[in-house]
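Colleague: Let me give you the structure first, and then I'll get to my questions.
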Amino acid sequence: MAARHFLTLNDMSTGELEQLLDHASKLRNEWRQGKVRDSLKNRVLAMIFEKSSTRTRVSFEAGMTQLGGSALFLSPRDTQLGRGEPIEDSAIVISSMVDAVMIRTFAHETVERFAAASRVPVINALTDDFHPCQLLADMQTYREHRGSIRGATVAWIGDGNNMCHSYINAATRFDFHLNVACPEGYEPSEALMKEHGDRVTIVRDPAQAARGANLLVTDVWASMGQEDEQKAREKAFRDYQINPDLMAVADKDALFMHCLPAHRGEEISADMMEHPGSVVWDEAENRLHAQKALLEFLILNRLD
C-alpha cells in the first residue's frame with residue numbers, strides 16, 4: 001500500500017481530521033494521567049530541518065519518545081542534503097531506513113519531491129507555503145475550549161503567509177469562515193483564494209475582520225528569511241496588531257491564538273499572552289499531542 005503523506009490539510013478528509021483531533025485530545029489526557037503508551041515501539045522518525053525550530057523539534061522528538069519510538073535530527077550541515085545530493089536520492093535512501101520523515105524547509109516543492117520518492121509517510125513540518133501541523137494543534141485547542149468550530153468566524157490579522165494559507169485550507173476542511181485583514185501587497189495566494197473564495201473574505205481593517213469573530217489569530221510581521229524586510233514590514237503592518245481593544249469587538253467568548261514565537265509590541269500588544277481569551281500555551285502544547293496522533297495515523301494507518 002502506498003504511503004500516506006501529510007503535506008497540507010487537503011491530504012486528509014474532514015472525517016479523518018476530526019477523528020485525528022479526537023484522538024489527539026485523548027492522547028493529551030492519557031499523557032497528563034501518566035499513562036505509558038508504546039504504540040510506535042522500535043519505530044524511527046527522521047527529522048530534516050533546513051529551517052531552525054523550537055516547538056517543531058521538541059514536539060516531534062518528545063512525541064516519538066512518548067510513543068516508544070525514536071527520532072533522528074538531520075540538518076543540512078550533517079547530511080548530504082546540504083551538499084547538493086538530489087532530493088529524490090536522499091528520499092529513497094532515508095525512507096529505506098526509517099518509518100516516517102518530517103521536513104521543515106523553505107520551498108514547498110522540496111517536500112513534494114521528497115514525498116514522491118519516499119516509501120514511507122512524509123510530514124510537512126513547515127514550508128514557505130503551508131504549516132499544516134500547526135493547524136492541527138490550533139483546531140484541537142479550539143475544540144477543547146469551545147467545541148466544534150463548524151460555522152464559526154475566524155479572523156486572521158496580518159500577513160497572508162504560510163499560516164494564513166493553512167487557515168484558508170482549514171476553513172474548507174472544518175467548515176468555518178475566515179476573515180483576513182492584511183495590508184495591500186501582503187494578500188494570501190491568488191490560487192488559494194480562487195479555490196476557497198467562498199470561505200474567505202479579505203479586508204484592510206482589522207476591526208472589520210474581528211467584529212463578532214470567535215477566534216483571532218496572527219503571526220509575526222517578518223518570518224524566517226524575511227529579516228531584510230523588517231523595517232518595510234513594520235511600516236506596512238503597524239495597524240495590524242491583536243490587542244484587548246481588537247478582542248473587545250470580537251465575540252465575547254472569542255479565543256486568541258498565535259503559533260509563536262511572538263513579538264510583543266508588534267503583531268500583539270505586550271499584554272495579549274495573558275488576556276483571558278488567550279489559549280496560546282495550550283495551543284503550543286497541543287503541537288505535541290496532535291502530532292502524536294498524526295504519527296500513529298500515518299505509520300500505523302489507524303487511530304485507536
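Colleague: Taking segment 256-275 on its own, how many of its residues are crowded, with 20+ Cβ neighbours inside 10 Å and closer than 15 Å to Thr54 by Cβ?
Modeller: 2
Colleague: Right, Glu16: acidic (Asp, Glu), farther than 26 Å from Ala262 by Cβ and either assigned by TED's automatic domain parsing to the domain that holds His196 or free of Cβ contacts under 8 Å to residues at least 24 places away in the same chain (or both) or not?
Modeller: no
Colleague: Of everything in segment 24-50, what is within 22 Å of the chain's Cα centre (by Cα), farther than 22 Å from Met139 by Cα and crowded, with 18+ Cβ neighbours inside 10 Å? Give them in sequence order.
Modeller: Answer for segment 24-50, where residues must be within 22 Å of the chain's Cα centre (by Cα), farther than 22 Å from Met139 by Cα and crowded, with 18+ Cβ neighbours inside 10 Å: Leu45, Ala46, Met47, Ile48, Phe49.
Colleague: Answer yes or no: is there a residue in segment 62-79 that is at pLDDT below 95 and exposed (fewer than 13 other Cβ atoms within 10 Å of the Cβ).
Modeller: Yes, segment 62-79 has at least one match.
Colleague: Is it the case, given these coordinates, that Gly68 is free of Cβ contacts under 8 Å to residues at least 40 places away in the same chain and within 19 Å of Pro132 (Cβ to Cβ)?
Modeller: Spelling it out, it is not the case that Gly68 is free of Cβ contacts under 8 Å to residues at least 40 places away in the same chain and within 19 Å of Pro132 (Cβ to Cβ).
Colleague: Exactly one of (1) in the same structural domain as Thr54 (by TED's automatic domain parsing); (2) part of a strand (DSSP E or B) is unmet by Asn179. Its number?
Modeller: (1)
Colleague: So how many residues does segment 276-298 have that are surrounded by fewer than 23 Cβ atoms within 10 Å (Cβ to Cβ) and either within 16 Å of Arg57 (Cβ to Cβ) or among the acidic types (Asp, Glu) (or both)?
Modeller: 4
Colleague: I'd like to check something: does segment 124-142 contain any residue that is closer than 30 Å to Ser96 by Cβ, part of a strand (DSSP E or B) and either under 17 Å from the mean Cα position of the chain (by Cα) or modelled with pLDDT of 95 or more (or both)?
Modeller: Scanning segment 124-142, I find at least one residue that is closer than 30 Å to Ser96 by Cβ, part of a strand (DSSP E or B) and either under 17 Å from the mean Cα position of the chain (by Cα) or modelled with pLDDT of 95 or more (or both), so the answer is yes.
Colleague: Return the pair list, or none, for Cβ contacts closer than 6 Å from residues in segment 199-212 that are over 14 Å from Ile168 (Cα atoms) to residues that are outside any loop (DSSP other than H, G, I, E, B) and among the polar types (S, T, N, Q), at least 6 apart or on different chains.
Modeller: Pairs that qualify, where the first residue is over 14 Å from Ile168 (Cα atoms) and the partner is outside any loop (DSSP other than H, G, I, E, B) and among the polar types (S, T, N, Q), are Ala209/Asn179.
The values are calculated or read from the model by the stated rules, or taken from the named source; none is laboratory data. As the structure is a computational prediction, the values presented were derived from the model and not from experiment. Cβ: placed from backbone, ideal geometry, glycine included. Neighbour counts: every protein chain shown.
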